[in-house]
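The values are calculated or read from the model by the stated rules, or taken from the named source; none is laboratory data. Just so you know, these numbers come straight off a predicted model, no measurement behind them. Cβ placement follows ideal geometry from the backbone for every residue including glycine, while neighbour counts extend to all protein chains displayed. When the accessible area is computed, the model is the full protein with side chains, heavy atoms only, and any ligands, DNA or RNA have been set aside. Shrake-Rupley method; radii C 1.70, N 1.55, O 1.52, S 1.80 Å.
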Amino acid sequence: MPDARPNPQLAQVRLADYAPPDWLVPEVTLEFWLDATRTIVTARLTVTRNGVHDRPLRLDGHGLETVAIRIDGQASPDWPNGDTLSLAIAGDRAVVETEVVIHPSRNTRLMGLYASEGKLVTQCEAEGFRSITWFPDRPDILSRYTVRLEADAALYPVLLSNGDRGTIETLPGGRHAMRWTDPWPKPCYLFALVAGDLAAREDEFTTMSGRRVRLAIWTAPADVPRSAHAMAALKASMAWDERVYGREYDLDEFNIVAVADFNAGAMENKGLNIFNSKYVLADTETATDMDFDAVAGVVAHEYFHNWTGNRVTCRDWFQLSLKEGLTVYRDQQFSADQGSAAVRRIDDVRSLRAVQFPEDAGPLAHPIRPDHYVEIANFYTATIYNKGAEVIRMLATLLGEAGFRRGADLYFQRHDGQAVTCEDWLAAMADANAVDLSAFQLWYSQAGTPRVAVETRQTGGRVEVTLRQSLAPTPGQPDKRAMLMPFRLALIGRETGRRVSDELVAQLKGPVTHLTFDGLSEPVLPSLNRGFSAPVVVEAPLARDDLAFLAAHDDDPFARWEAFQQLALSVLATDDAPDALVTAVSNTLDDPSLDAAFKGEAVLLPTESFIGDAAAQVEVEAIHRRREAARQAIARGLEARWWQLWEAHRDVGAALTPEAKGARRLANVALSYLVTAGSDAAFDAARRQYDGAATMTDRMGALTALVNSRSDHREAVLADFHRRFAGNHDVIDKWFSVQALANRADVLDHVEALTRHPDFTIANPNRLRSLIGAFAANQRWFHAADGAGYRLLADQLIAVDRINPQSAARLAVPLGRWRRFDGTRARLMQAELERILAAPGMSKDVLEMASRALA
Ligand code: TRP
Ligand code: ZN
């Protein structure tokens, strides 16, 4: 066995080592002679010495074939050494010109300049620009860019880059060229170009100061009808950022391009956002309601980066959450404003708990501002993004809406055009509100999910609440300190079921906080962490009856949903009969004060992985057995109700109003319970819904229910779905996922067979995730006791690492949870991690993840 402990060959980058750049690059001119197999890039950098020193200019490059290097017109005596080019420069200012050759069509990493379905596109964040040209590839170098793109006019009729367009030049030999100038200084990670045969959906937006902005969403010509929702979301985002943050767009045009091969969701390049097509293309036939919401959320996210990320950027990559946490918070606020805010909040918490809490509880735990990394691409995590957003939300709760806005205004005013740190952000918040946030700053440096234990004691009309916060050690952080957090709570009358106190935003500072409520005239129950005001685990010794009471009466929708989740966790941790859950679901369905969207969420049991996370050890089989038994009890015990609900809420058409979406949600939850109950009538109903579906939401709802069942319709609908949507990447991804996530003992065999399906490819990150990523989320069958699931994952990881290290490294995450499982499974998972580390030629992305995962 090789030594699996942190690998000394993997050089760490440390926050403590940050030093300002020796040289600045105020001006950049780039010329691209574009060709899929052989692109020539000429870069002219105006460099200026930063401070008094005699150090050389150091440039980064990766995989570049260097043709020429000139300094002020003279051939350079210095030549690259590996990925570094060190140039001795005599004066304080010079023009450095390089010429390199790169090979987009061979670029399977999808970083730098690469080809996707005949288009040439770039991805530079975090460190992709160095694969395009020699440059100091760090975010604290801000430059003005002028770009000339030259390409074959027939293959690449559309040539896009950042900023303002110039005029088109027609050239001999069927080529043409286009010039772009970006007036806003930017870090190189925000550079972008796109060349290809694209068609635009065009629109316009007039900003609050009256400037007209041309908007365009570029897709394959056949997909233009499917970008309407993204365009509506873009305009809504632009108006929202003006209204809520006073932030206006700052160029004459804004372009979005959709590409099928993309490592992430989307990228906020200045004036030229590049998107994973999954987050642009949506129509009722091919996208579910959830997909529509995801499109709007990602469009908003990338647009909002124009201020939080682009106008004010990060000093170094340790500050990633400065832009990502803040921008996720802003997109969450935007989405909540589009309707069903309560359900949105529940969804945000659900995904935080599904991905971030496990990260915080295992070997991959890191603070929202890490202090070291090997490969920065491994830190685009749920912690940086989603916990980062929770930290921003806590600030907003502590400071209030107006105070938070004052802080944001000061941040933009102070730092527009700068590359800054998380301290700068907190200082603006603190200064604008004249408060001390030093106890809050610990959220940036301490990893792990705090626990808040709550005790309530009532004596007559007085209620005393004691809150104790604690934070367990995480890798490299044995001792933790108490953090400032806002904890919203109220009291609910145990007799009337009404809120009998004001809502309090308690500020937990030290380890223990005491609160007193007076003047109560009935016994009470605490409604805790309302709205999920702090990203913590609450430990409150509430009896099941009390949780059921809160699940029926709490006036905070999040707390009400949470009470049922906690009740379910309590029941499912034992072999007790699930009657209390059936009753609670029935009460929720009966409550006329609740809308369909909320009911659709509130009657779902916690996922198997969430149940596992709440226990000392994940008991894979027992959790599955108990949860299935509870699902059966809810399905059969309320079967008549599910029929009524399905009948009452189906056939609402295809409208995207909150009401119609809520109805579809509840109808599909009802259908899934009906199919769980297992009658032929239910199977036939699902088949009818599948065949006659007016929306992908309904078709997918029926397909999912049938795929999880023993119905004879299963194979027929799967085959029909594949035939019906052949060639549509996003929909075929769903076809893979629904099978990988199936609740059936033969999933592993199916997934194995699907890896050999002609539509499967590990080269496309969406497709890889739709099959292998989805399978790893299927707790019962991925964690098969013989380790076959782990083996399959590791085989795929090793294969994809040769193509795309970022994709491969992500697949290591599920194996990092080994400590949470029994000894047999833990050993099998460790063995796969060891096998990955021992495989020849693995990328540093994977080596870092696998060695951290084993630690
Ligand atoms: N900054 C992007 C965002 O808005 C993230 C991103 C896009 C990314 N492409 C990437 C991260 C490639 C890593 C690699 O969230
Ligand atoms: Zn982002």
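Here are a few things to note about the model shown:
- Any hit, the stretch 136-149, residues being over 30 Å from Ala808 (Cβ atoms) and free of Cβ contacts under 8 Å to residues at least 24 places away in the same chain: no
- Checked against the criterion of being closer than 21 Å to Pro478 by Cβ and modelled with pLDDT under 95, the candidates Ala439, Ala447 yield just one match: Ala439.
- Some residue of the stretch 479-499 being under 22 Å from Lys599 (Cβ atoms), assigned to a helix (DSSP H, G or I) and either of a type outside the set (A, V, I, L, M) or touching a residue at least 24 places away in the same chain (Cβ under 8 Å) (or both): no
- Positions within the stretch 249-265 being crowded, with 24+ Cβ neighbours inside 10 Å and within 16 Å of ligand 2 (Cβ to nearest atom), in sequence order: Ile256
- Inter-residue pairs, beta-carbon under 7 Å, first assigned by TED's automatic domain parsing to the domain that holds Cys124 and in the stretch 265-289, second open to solvent by less than 10 Å² (accessible area, probe 1.4 Å), 6+ apart: none
- Here Met178 fits the description: more than 16 Å from ligand 2 (Cβ to nearest atom) and assigned to a strand (DSSP E or B).
- Test result for Gly246, within 26 Å of Ala341 (Cα to Cα), open to solvent by less than 30 Å² (accessible area, probe 1.4 Å) and within 16 Å of ligand 1 (Cβ to nearest atom): no
- Residues that are within 27 Å of Ser227 (Cβ to Cβ), within 11 Å of ligand 2 (Cβ to nearest atom) and among the polar types (S, T, N, Q), drawn from the stretch 307-345: Thr308, Asn310, Thr327
- Odd one out for Asp241 among (1) within 20 Å of the chain's Cα centre (by Cα); (2) under 26 Å from Pro185 (Cβ atoms); (3) within 16 Å of ligand 2 (Cβ to nearest atom); (4) open to solvent by less than 20 Å² (accessible area, probe 1.4 Å): (1)
- Among the residues making up the stretch 164-218, those that are of a type in the set (Val, Ile, Thr), touching a residue at least 24 places away in the same chain (Cβ under 8 Å) and out of contact with any Ser or Thr (no Cβ under 7 Å at 6 or more places or on another chain) are Val194, Thr207.
- Within the stretch 299-327, residues that are in the same structural domain as Ala192 (by TED's automatic domain parsing) and among the acidic types (Asp, Glu) reach no partner that is near ligand 1 (Cβ under 9 Å from one of its atoms) and open to solvent by 10 Å² or more (accessible area, probe 1.4 Å) with beta carbons closer than 8 Å at six or more positions or on different chains.
Rundown of residues vs (1) closer than 24 Å to His366 by Cα; (2) touching a Cys at 6+ places or on another chain (Cβ under 8 Å); (3) in a helix (DSSP H, G or I), yes/no style:
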site: Asp786; (1), (2), (3): no, no, no
site: Gln796; (1), (2), (3): no, no, yes
site: Ile803; (1), (2), (3): no, no, no
site: Ser807; (1), (2), (3): yes, no, yes
site: Gly816; (1), (2), (3): yes, no, yes
site: Met829; (1), (2), (3): yes, no, yes
site: Glu834; (1), (2), (3): yes, no, yes
site: Leu837; (1), (2), (3): yes, no, yes
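- Glu621 satisfies every condition listed in (1) in contact with a Ser or Thr (Cβ under 8 Å, 6 or more places away or on another chain); (2) open to solvent by 50 Å² or more (accessible area, probe 1.4 Å) except (1).
- A single entry from Ala199, Ala151, Ala126, Ala195 fulfils the requirement of being surrounded by fewer than 19 Cβ atoms within 10 Å (Cβ to Cβ) and either away from ligand 2 (no atom under 16 Å from the Cβ) or not aromatic (Phe, Trp, Tyr) (or both): Ala199.
- Restricting Ala430, Ala389, Ala419 to those that are hydrophobic (A, V, I, L, M, F, W, C), out of contact with any strand residue (DSSP E or B) (no Cβ under 7 Å at 6 or more places or on another chain) and over 30 Å from Gln565 (Cβ atoms) reduces the list to Ala430.
Each row is one residue, and each column tells you yes or no for (1) open to solvent by less than 40 Å² (accessible area, probe 1.4 Å); (2) under 22 Å from Glu285 (Cβ atoms); (3) free of Cβ contacts under 8 Å to residues at least 40 places away in the same chain.
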| residue | (1), (2), (3) |
| --- | --- |
| Val717 | yes, yes, yes |
| Gly727 | no, yes, yes |
| Ser737 | yes, yes, yes |
| Asp759 | no, yes, yes |
| Phe782 | yes, no, yes |
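- Count - residues of the stretch 740-761 that are assigned to a loop (DSSP other than H, G, I, E, B) and either over 15 Å from His783 (Cα atoms) or touching a helix residue (DSSP H, G or I) at 6+ places or on another chain (Cβ under 6 Å) (or both): 9
- Annotation: of all residues in the stretch 370-420 being within 16 Å of ligand 1 (Cβ to nearest atom) and open to solvent by 50 Å² or more (accessible area, probe 1.4 Å), the one that is nearest to Ala126 (Cα to Cα) is Tyr380.
- The condition of being modelled with pLDDT under 95 and under 34 Å from the mean Cα position of the chain (by Cα) does not hold for Pro20.
- When the stretch 307-340 is filtered for residues that are open to solvent by 10 Å² or more (accessible area, probe 1.4 Å), within 12 Å of ligand 1 (Cβ to nearest atom) and of a type in the set (D, E, K, R), only Asp331 remains.
- Yes/no for Val298 being within 13 Å of ligand 1 (Cβ to nearest atom), out of contact with any Leu (no Cβ under 6 Å at 6 or more places or on another chain) and open to solvent by 10 Å² or more (accessible area, probe 1.4 Å): yes
- For the stretch 119-155, a residue qualifies if it is assigned to a loop (DSSP other than H, G, I, E, B) and of a type in the set (A, V, I, L, M), and the qualifying residues are Ala126, Ile132, Ile141, Leu142, Ala153, Ala154, Leu155.
- The residues listed here are Phe275, Phe292, Phe304; of these, the one that is under 16 Å from the mean Cα position of the chain (by Cα) and surrounded by fewer than 23 Cβ atoms within 10 Å (Cβ to Cβ) is Phe292.
- The set of residues in the stretch 287-306 being within 13 Å of ligand 2 (Cβ to nearest atom) and not small (Gly, Ala, Ser) consists of Val298, Val299, His301, Glu302, Tyr303, Phe304, His305, Asn306.
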